[in-house]
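The values are calculated or read from the model by the stated rules, or taken from the named source; none is laboratory data. None of these values were measured; they are calculated from a predicted model. In this analysis, Cβ positions are derived from the backbone assuming ideal geometry, glycine residues included, and neighbour counts consider all displayed protein chains. These area figures cover heavy atoms from the full protein model, side chains too; ligands, DNA and RNA do not enter into them. Shrake-Rupley method; radii C 1.70, N 1.55, O 1.52, S 1.80 Å.
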Amino acid sequence: MKIDPHIHSIYSGDSNSQIKDILKQAQKVDLNAIAISDHNTVKGSKFAIKESKNMDNLLVVPSIEISSYSGHILGLGVTENIPKGKSAIETVERIRDLGGLAIIPHPYSYYRHGLFTKIDDNLSNDGVETLNARYIIGYSNSHAKELAKNKNLARFGSSDSHFIKSIGDCYTEIDCDCNVDDIIDAIQKKKTTPKGKKTSNFRVLGNVIKRNFKRSKTIPNEVLEKEQ
């Protein structure tokens, strides 16, 4: 099965991607599962799970991207908010207390809050992004591959999408059935294979320009109504 475990929605504050549009695009590019990993909130993840309940061909796995004191950490399988600004060790412990897996995204990226640019890479974790669609070629991905090999960590491919068209550019193939429990179990057993392509720099730049001109971050009324 194919999952993109690192997608940002309007709830992140730095993405204009609406939940419904994310779900449609994920189906369009033949993903079996996705995780909405918004910055420091599970609101988008919970709303996506609710909206996808009647979809037979797309699973939404709970997730969050927490801004620890030293950098970003994904809490895959987490359904509650985790306070930002805590130490990396405290953040990982909290993720595991909530039954989730601690995945380190873009671990060696200096401009994307890569955790291992601030602390050494001996932190206990359950996996690392070795194929982030924003890089493909470069130090962050290549060094992450080396780390995963040396420490026998689960390897992830992720789009790190902040706009619709980049969803699924990189993804993770997991050898398991398409349900949350089996996905978590397969990751723990390292049954993951990162795949995909680099997101076009032109597309990334175009999205940044578009987002800067479109200053409104207001969540649509119909979304708020459905959440209540």
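If the only charges are +1 at each Lys and Arg Cβ and -1 at each Asp and Glu Cβ, what is the size of the charge dipole of region 79-156 around the Cα centre, to the nearest 20 debye?
Value, rounded to 20: 240 debye.
Under 1.5 on a/c is rounded, so check that first for region 137-184, then, if it is not, pick prolate when a/b is larger than b/c and oblate when it is not; a ≥ b ≥ c are the square roots of the alpha carbon gyration tensor eigenvalues.
Oblate is the answer for region 137-184, as a/c is 1.5 or above yet b/c matches or exceeds a/b.
When all protein chains stay in place, what accessible area (Å², nearest 10, 1.4 Å probe) is found for Arg155?
90 Å²
Choose one of Ser142, Thr172, Phe47: the residue whose Cα lies farthest towards the positive end of the charge dipole of the chain (beta-carbon charges +1 Lys, Arg; -1 Asp, Glu; about the Cα centre).
Ser142
Give the distance, in whole Å, between the Cα centre of region 170-184 and the Cα centre of region 54-117.
17 Å
What's the magnitude of the charge dipole for the chain around its Cα centre, counting Lys and Arg as +1 and Asp and Glu as -1 at the beta-carbon? Answer in Debye, nearest 20.
With Lys and Arg at +1 and Asp and Glu at -1, about 860 debye.
Roughly how many percent of the accessible protein surface of the chain is carbon and sulfur, given a 1.4 Å probe and a whole-percent answer?
C and S fraction of accessible area: 48 percent.
How big is the antiparallel share of DSSP beta bridges in the chain, given as a percent to the nearest 5? Walk me through the intermediate numbers first.
Working: 13 of 27 bridges.
Roughly 50 percent of the beta bridges in the chain run antiparallel, per DSSP.
Taking the chain as a Gaussian network, where each spring joins two C-alpha atoms under 10 Å apart, which residue of Val128, Val61, Val29 fluctuates the most?
Fluctuation is largest for Val29.
Taking the Cα centre of region 37-87 as origin and charging only Cβ (+1 Lys, Arg; -1 Asp, Glu), how large is the dipole, in debye to the nearest 20?
Magnitude of the dipole: close to 160 debye.
Decide, for the chain, between rounded, prolate and oblate: order the square roots of the alpha carbon gyration tensor eigenvalues as a ≥ b ≥ c, take rounded if a/c falls under 1.5, and otherwise choose prolate if a/b is larger than b/c, else oblate.
Details: a/c = 1.32, a/b = 1.23, b/c = 1.08.
Judged from the Cα gyration tensor, the chain comes out rounded (a/c under 1.5).
Residues of region 61-88 with amide nitrogen under 18 Å from the 7 Å Cα-to-Cβ point of Asp182?
61-62, 77
Suppose a student asked you for the relative contact order of the chain, using Cα pairs under 8 Å spaced at least 6 residues apart; what percent would you report?
19 percent
Using only DSSP helix segments of four residues or longer, with each worth -39500 (n - 2.57), what per-residue ellipticity at 222 nm results for the chain after dividing by its residue count and rounding to 500? Could the numbers behind the result be given before it?
On the way: 7 runs with 71 residues, N = 228.
-9000 deg cm²/dmol, from helical runs alone.
Rounded to the nearest 5, what is the percent of antiparallel bridges among the DSSP beta bridges in region 83-205? Mind showing how you got there, number by number?
Values: 5 of 12 bridges.
The antiparallel proportion sits near 40 percent.
Shape call for region 26-144 from the C-alpha gyration tensor, a ≥ b ≥ c root eigenvalues: rounded (a/c under 1.5), prolate (a/b greater than b/c) or oblate?
oblate
Positive end of the charge dipole of region 1-127 (Lys, Arg +1 and Asp, Glu -1 on Cβ, about the Cα centre): tell me which of Leu31, Ile104, Gly71 has its Cα farthest that way.
Leu31
Give me the 1.4 Å probe accessible area per residue for the chain, excluding ligands and nucleic acids, in Å².
48 Å²
How would His39, His113 rank on accessible area, largest to smallest, probe 1.4 Å?
Order by accessible area, largest first: His113, His39.
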